[in-house]
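Working notes, structure below.
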Amino acid sequence: MSRYLGRRLLQFIPTAFGILTVLFILTYLMPSDPLRAVLGEQYRRLPPEVVEGIREELGLNQPFLSQYLGYVGRLLRFDLGRSYILEQKVIDIIGYRLPHTFQLMLGGLLVGGVIGIGSGIAASLRPGRWLDHLLTGLALVGASIPVFWLALVLQLVLTQDKYGAALFPVAGYESGSIRHLALPSLVLGLNLASGLSRVSRAAMIEARSRDYNLTARMKGLRSRAIIQRHQLRNALIPILTVLSLDMGYLLGGSVVTETIFNWPGLGRALIPAIDRRDTPVIMGILIFGAVLFMLINLVVDVLYGIIDPRIRLEK
């Protein structure tokens, strides 16, 4: 197991470096002058020599390679720079907002996992019956609904008595209370559940057709025991694969959801940073999100080997 994990870690480092390079190039090529975005109206009022002095102080007058090597050097010291606008360390901004984003991601993952995997298993028990058709149709509809539209509809229906029931607050954080967390988690989770439901159904039906199920039935095991011990465990590989990919969706979808529900996560810091060309904040959040996504996939890859030891031998 340690050799298997070691090989995965060796693959992790060059991938992270490649992502860093691509993100830096894309950020460097962003249109408009970051100094103009930082100074705003003062850009035209300040003398040119003052503007150039500020540009030199921020390192914006250096060539691309010098900026890139300088950024990599600082990153190796866990220094993500300072925000041009907020004048705070980017690592402090991420540290403050990350727990709020994690709350939202875990809420969406819980809702999506329970509804998606549960409905997929229920549909696979009677394939071709009315329940299977109903759940499959609902999953298709759920996958077709954009996150922002679903959020606005649920806000309309579940936050006021005029069009529905005032069950949840419209927006806000309020120390991360369950009432404030429930609605944005529901928005993220319902969209996530659609893909999980279809994958879970297909994986359970495929596992049901294997020879070990016939052997288990011949031994006299009950249907519930067969589903839990054999079918579900063998169906976990594709389900975990989709879950690991969906973590990227949760990170991306949380940006939209945090904006709509005024949730103080990383998305609420990223959108204004893009608008105002706050490059250190943009780079810091994107790099952190990419590394987090890679770490999640690394954990899932290790879980593959735990669930099915044959994978460790193959790789």
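The values are calculated or read from the model by the stated rules, or taken from the named source; none is laboratory data. Predicted model only: the values in this text are computed from it and were never measured. All Cβ positions, even for glycine, are placed from backbone atoms using ideal geometry, and neighbour counts span all protein chains on display.
With the checklist (1) out of contact with any strand residue (DSSP E or B) (no Cβ under 8 Å at 6 or more places or on another chain); (2) modelled with pLDDT of 85 or more; (3) not assigned by TED's automatic domain parsing to the domain that holds Gly252 in hand, flag the one item Trp130 doesn't pass.
Among (1) out of contact with any strand residue (DSSP E or B) (no Cβ under 8 Å at 6 or more places or on another chain); (2) modelled with pLDDT of 85 or more; (3) not assigned by TED's automatic domain parsing to the domain that holds Gly252, the lone unmet condition for Trp130 is (3).
Any residue that is at pLDDT below 85, in a helix (DSSP H, G or I) and under 15 Å from Glu258 (Cα atoms) - is there at least one of those in the stretch 168-175? Show your work before the answer.
Our first condition is that a residue be at pLDDT below 85; within the stretch 168-175, this holds for 168-175.
If we keep only those that are in a helix (DSSP H, G or I) as well, we get 174-175.
Within this subset, residues satisfying the condition of being under 15 Å from Glu258 (Cα atoms) are 174-175.
Yes - at least one qualifying residue is present in the stretch 168-175.
A quick yes/no check of all residues on (1) farther than 22 Å from Ile117 by Cβ; (2) touching a Ser or Thr at 6+ places or on another chain (Cβ under 7 Å); (3) not small (Gly, Ala, Ser):
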{"site": "Pro169", "(1), (2), (3)": "yes, yes, yes"}
{"site": "Gly172", "(1), (2), (3)": "yes, no, no"}
{"site": "Ala182", "(1), (2), (3)": "no, no, no"}
{"site": "Leu186", "(1), (2), (3)": "no, no, yes"}
{"site": "Asn191", "(1), (2), (3)": "no, no, yes"}
{"site": "Ser194", "(1), (2), (3)": "no, no, no"}
{"site": "Met204", "(1), (2), (3)": "no, yes, yes"}
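Just to be sure, is Thr279 touching a residue at least 40 places away in the same chain (Cβ under 8 Å), among the polar types (S, T, N, Q) and over 30 Å from Leu152 (Cα atoms)? Give the steps one after another, and end with the answer.
On the way: touching a residue at least 40 places away in the same chain (Cβ under 8 Å): yes; among the polar types (S, T, N, Q): yes; over 30 Å from Leu152 (Cα atoms): yes.
Against the criterion (touching a residue at least 40 places away in the same chain (Cβ under 8 Å), among the polar types (S, T, N, Q) and over 30 Å from Leu152 (Cα atoms)), Thr279 qualifies.
Looking for whichever is part of a helix (DSSP H, G or I), touching a residue at least 40 places away in the same chain (Cβ under 8 Å), outside the structural domain of Ile285 (by TED's automatic domain parsing) and of a type in the set (Val, Ile, Thr) here; the options are Val111, Val50, Val72. Which one fits? Break it down stepwise before answering.
On the way: Val111 fails: outside the structural domain of Ile285 (by TED's automatic domain parsing); Val50 fails: touching a residue at least 40 places away in the same chain (Cβ under 8 Å).
Answer to the selection: Val72.
Please verify whether the stretch 276-292 includes one or more residues that are charged (D, E, K, R), at negative phi and either assigned by TED's automatic domain parsing to the domain that holds Glu41 or at pLDDT 80 or above (or both). Before the answer, list the steps.
Of the stretch 276-292, the ones charged (D, E, K, R) are 276-278.
Within this subset, residues satisfying the condition of being at negative phi are 276, 278.
The next check asks that each one be either assigned by TED's automatic domain parsing to the domain that holds Glu41 or at pLDDT 80 or above (or both); those that pass are 276, 278.
Checked the stretch 276-292: at least one residue is charged (D, E, K, R), at negative phi and either assigned by TED's automatic domain parsing to the domain that holds Glu41 or at pLDDT 80 or above (or both).
Might you check whether a residue that is modelled with pLDDT under 85, surrounded by 17 or more Cβ atoms within 10 Å (Cβ to Cβ) and either polar (S, T, N, Q) or part of a helix (DSSP H, G or I) (or both) occurs anywhere in the stretch 213-222?
Filtering the stretch 213-222 for residues modelled with pLDDT under 85 gives 213-222.
In the following step, the residues that additionally are surrounded by 17 or more Cβ atoms within 10 Å (Cβ to Cβ) were identified as 213, 216.
When the remaining residues are screened for being either polar (S, T, N, Q) or part of a helix (DSSP H, G or I) (or both), the result is 213, 216.
Looking for residues that are modelled with pLDDT under 85, surrounded by 17 or more Cβ atoms within 10 Å (Cβ to Cβ) and either polar (S, T, N, Q) or part of a helix (DSSP H, G or I) (or both), one finds at least one in the stretch 213-222, hence yes.
Every residue in the stretch 23-45 that is loosely packed, with under 12 Cβ neighbours inside 10 Å and among the β-branched types (Val, Ile, Thr), please.
Ile25
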